[in-house]
Amino acid sequence: MTGLAAELSALAKAAFAAEGLPEALGQVQASDRPDLAQFQCNGALPAAKLAKTNPRVLAERIAARLKAQAIFARVEIAGPGFINLDVTDGALAERVGRAPETGAPGTAKTLVIDFGGPNIAKPMHVGHLRSAIIGDCLQRLFRANGWQVTSDVHLGDWGLQMGQLISEIEHRGTAPVYFDAAFKGPYPEQSPVTMEDLEDLYPAASAACKADPARLEEARRATAELQAGRPGYRALWRHFFAVSERGLVREYGSLGVTFDLWKGEASVDPLIPPLIHDLTARGLAVESDGALIVAVAEPGDKKEVPPLILVKSDGAVNYATTDLATIVDRVAEQDPDLILYIVDQRQHLHFEQVFRAARKAGINGKAVLEHDGFGTMNGTDGKPFKTREGGVMKLYDLIAMATAEADKRLAEQGLANEYPPEERADIARKVGIAALKFADLSNYRLTDYVFDLERFTRFEGKTGPYLQYAAVRIQSILRKAREEGYMAAAPVVRSAAERALVLQLLALPEAMDAAEDKRAPNVLCEYVFELAQKFSRFYAEHHILSKSDAELRAARIGLCGITLATLTRVLGLLGIEIPARM
Ligand code: ARG
C-alpha cells in the first residue's frame with residue numbers, strides 16, 4: 001500500500017539519485033517533532049559520509065530539487081542536515097478526498113495463520129483467548145494488506161486428554177458399544193456425550209489419572225490405541241470432535257472470531273507414518289532410548305536446543321510430530337509464503353525445534369515459519385487470569401462479565417439508557433467485547449498485562465469504549481447533517497486542527513504496513529487512538545454544522561465522513577464493532 005510518506009519518499013529518492021547518491025537514503029517519514037515539521041528525511045547525513053562532503057551542503061542540494069516539487073509548502077534544513085518537509089494544504093486535502101486504495105489482487109502472497117488452538121475437552125485458558133484476539137486481528141490486517149489468508153484453529157485433539165476421556169467413559173460404563181471389540185458397527189450417529197458432559201468428564205479423568213498411576217497407564221494405552229486406529233475409539237473421538245467443534249464455533253463466534261479451517265492435530269494423522277518413514281530413510285530421524293528423535297541443535301546456539309521427539313518410546317506421537325505433519329499438510333494444500341503461529345511465548349522452544357526440523361528436512365516448501373508469541377493476561381494476584389475459582393474459562397462467562405461491566409458504565413455515563421432493552425443489551429455486549437479486545441491488543445503482544453475490567457470499560461483514555469464512542473459521535477453528526485439536508489463535499493485544510501487530522505488520516509497505510517511488519521496490533525491501536533484524539537480537537541475547535549457558510553460546512557462534513565470511514569476500518573481490523581448509536 002502506498003501512503004503520503006511513500007509518495008514523498010519517491011520524490012526524495014529521485015532527488016538523491018539525481019545527485020548520484022543511493023536512492024534508499026531518500027526515505028521520508030513522519031516527523032519526530034510534529035511541532036516543527038510534518039515530515040523529515042534524514043538521508044543527507046549518511047549520504048555526506050559516503051560522498052565525503054559536508055552534510056548541510058548536500059542537504060541544500062537535495063532541498064533545492066525538492067523545492068521544485070509543487071507538493072511541498074516548505075523544505076528546510078535543520079540541525080546538521082535533516083530535511084524538514086511540509087506539504088501544501090491543497091495537496092493534503094486532495095489526497096484525503098481520494099477513495100482509499102485496496103490491496104492489489106494478483107500479486108497477493110499467501111499466508112496460513114495458526115491461532116486459537118484450544119484443546120478438545122481441556123479447559124480453555126487465557127492463552128487461548130489472547131491467541132484468538134491477536135490472531136483474528138492479524139488475519140484481518142493481512143487480508144486488508146492484500147494477502148491471501150487461510151486461518152486454521154488447529155485444535156488440540158490428538159493428545160493424552162483424548163485417551164483420558166475414553167478411559168473415563170469406559171469406567172463409567174455409559175457407552176459400552178465403543179469398547180466392545182466384537183462390535184462390527186456402525187456406531188451410533190448420536191454422540192454419547194454433550195459439551196457439558198465433556199466439561200465434566202475431563203476434570204474427573206484428569207484427577208483420576210493424577211491419583212492413580214494405573215488409570216494414567218490406561219489413558220496412555222487408550223491414546224495409543226486411538227492413534228493406532230481402534231474403530232470404537234475413533235468413533236468416540238469423532239463424537240468428541242463434532243461436539244467440541246460446534247461449541248467452539250459458537251464461543252469464538254460470540255467474540256466475532258472466525259476461522260477458515262477447523263483442522264487439528266488429528267487431521268494430519270495419515271501424514272505421520274510417511275513423514276516418519278521419510279525422515280528415518282534420510283537419516284534425519286534416529287533411534288534414541290527407544291524413541292525416535294531429530295537432532296536440531298545448531299553450532300551457534302547460546303542455550304541448549306534439545307532434540308525433537310518424533311515418536312515416544314511407547315509408540316505415541318508428540319505435539320511436535322503433529323506440528324511437523326501439519327506443515328507438510330499446509331505446504332500441500334496452500335503452499336504458503338508464510339506460516340504464522342500465534343501461540344503463547346512459553347512455547348517458543350517447541351516452535352524453534354519444529355521449525356529447525358522442518359527446514360532441515362526441507363518440508364516447509366517456500367514457507368517462512370514464524371512463531372509470534374505473546375505474554376499472559378494476569379489476574380490482580382499476578383497469576384494467569386481465571387474466571388472461576390481454578391476452573392474452566394468459558395468465553396461466554398468472560399463476555400458476560402465484560403458486558404455487565406459495560407452495562408454499568410453506560411448507565412453511569414447516561415448513555416443508551418432510554419433505548420429499547422434489546423438494543424441496549426446489544427450495545428453493552430459490543431462495548432464489553434471492545435473493552436476486552438482493545439485492552440489486549442493495545443499492549444505490545446509480548447508484554448503481560450493485568451485483567452482489569454473497571455479500567456478496560458472506561459469511556460475515557462485508551463480504551464475500546466472511548467473509540468467506539470468517538471465513532472458513534474461522528475455517526476450522529478452525520479445523521480444530523482442528513483436530517484438537515486446538508487451535503488458533504490471534498491475536505492479543505494485551513495486550520496492546524498484540520499491539518500493534523502488529515503495528516504493522521506493519510507498516515508493509515510504506513511500504520512498498516514508497520515503493524516504487519518512487526519505483527520503488532522498495538523500499532524493499529526496507537527494509530528486509531530491518535531486519530532480519535534485529532535478528531536476530538538477538530539470537533540472542539542470548529543463548528544461543523546454551522547449555518548452560515550455552506551461550502552465550509554460541506555467540506556467539514558466531508559472530513560467527518562472520511563474520519564468515520566477510517567475509524568470504522570481500523571476498529572474493524574481490531575475486530576471491534578461500532579454500535580449504530582449510544
Ligand atoms: N493446543 C495448543 C495449546 O493449547 C496450541 C496449539 C498451537 N498451534 C500449533 N500449531 N501448535 O497449547
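Of note, residue 547 does not satisfy the criterion of being free of Cβ contacts under 8 Å to residues at least 60 places away in the same chain, surrounded by fewer than 22 Cβ atoms within 10 Å (Cβ to Cβ) and assigned to a helix (DSSP H, G or I). Would you confirm whether or not segment 473-487 contains a residue that is surrounded by 20 or more Cβ atoms within 10 Å (Cβ to Cβ), among the small types (Gly, Ala, Ser) and under 30 Å from residue 9 (Cβ atoms)? Checked segment 473-487: no residue is surrounded by 20 or more Cβ atoms within 10 Å (Cβ to Cβ), among the small types (Gly, Ala, Ser) and under 30 Å from residue 9 (Cβ atoms). More than 10 Å from the ligand (Cβ to nearest atom), within 26 Å of residue 464 (Cα to Cα) and surrounded by 24 or more Cβ atoms within 10 Å (Cβ to Cβ), is that true of residue 165? For residue 165, the condition - more than 10 Å from the ligand (Cβ to nearest atom), within 26 Å of residue 464 (Cα to Cα) and surrounded by 24 or more Cβ atoms within 10 Å (Cβ to Cβ) - is not met. Residue check: is residue 130 crowded, with 21+ Cβ neighbours inside 10 Å and not β-branched (Val, Ile, Thr)? Taking the combined requirement at face value, the residue satisfies it. Just one residue in the set 91, 73, 48, 59 is away from the ligand (no atom under 16 Å from the Cβ) and surrounded by fewer than 16 Cβ atoms within 10 Å (Cβ to Cβ); that residue is 73.
Number of residues in segment 178-221 that are in contact (Cβ under 8 Å) with a residue 24 or more places away in the chain and farther than 22 Å from residue 157 by Cβ equals 3. Of all residues being in a helix (DSSP H, G or I) and within 15 Å of the ligand (Cβ to nearest atom) in segment 134-160, which is surrounded by the fewest Cβ atoms within 10 Å (Cβ to Cβ)? Just the residue, please. Among residues in segment 134-160 that are in a helix (DSSP H, G or I) and within 15 Å of the ligand (Cβ to nearest atom), the one surrounded by the fewest Cβ atoms within 10 Å (Cβ to Cβ) is 160.
Counting only residues that are out of contact with any strand residue (DSSP E or B) (no Cβ under 9 Å at 6 or more places or on another chain) and closer than 25 Å to residue 189 by Cβ, segment 224-265 holds 23 of them.
When we screen 359, 346 for residues that are at negative phi and more than 24 Å from the chain's Cα centre (by Cα), the only hit is 359.
For segment 475-503, the tally of residues that are part of a helix (DSSP H, G or I) and either in contact with a Gly (Cβ under 7 Å, 6 or more places away or on another chain) or farther than 21 Å from residue 553 by Cα (or both) stands at 1.
Selection within segment 168-191: residues that are surrounded by 17 or more Cβ atoms within 10 Å (Cβ to Cβ) and under 25 Å from residue 268 (Cα atoms). The member of this set that is farthest from the chain's Cα centre (by Cα) is 179.
Only one entry in 314, 335, 344 is touching a residue at least 40 places away in the same chain (Cβ under 8 Å) and within 11 Å of the ligand (Cβ to nearest atom), namely 344. Scanning segment 503-531 for residues that are acidic (Asp, Glu), more than 27 Å from residue 89 (Cα to Cα) and buried (at least 18 other Cβ atoms within 10 Å of the Cβ) yields one hit, 516. Across segment 361-415, the number of residues qualifying as polar (S, T, N, Q) and without any contact (Cβ under 8 Å) to a residue 40 or more places away in the chain comes to 3. In segment 112-127, the residue that is nearest to the ligand (Cβ to nearest atom) out of those that are buried (at least 24 other Cβ atoms within 10 Å of the Cβ) and either part of a helix (DSSP H, G or I) or not β-branched (Val, Ile, Thr) (or both) is 114.
The criterion of at least 2 residues that are of a type in the set (Val, Ile, Thr) and either without any contact (Cβ under 8 Å) to a residue 60 or more places away in the chain or in contact with a His (Cβ under 9 Å, 6 or more places away or on another chain) (or both) is met, among helices (runs of 4 or more DSSP H) falling completely within segment 1-98, by 55-67. The set of residues in segment 550-577 that are among the β-branched types (Val, Ile, Thr), over 15 Å from residue 97 (Cα atoms) and part of a helix (DSSP H, G or I) comprises 568, 570. There is at least one residue in segment 532-539 that is of a type in the set (Gly, Ala, Ser), buried (at least 22 other Cβ atoms within 10 Å of the Cβ) and assigned to a helix (DSSP H, G or I).
Every number here is computed from the coordinates shown, using simple stated rules; none is lab data. Because the structure is a prediction, the values reported are computed rather than measured. So basically every Cβ, Gly included, is an ideal-geometry build from the backbone, and we count neighbours across all protein chains shown.
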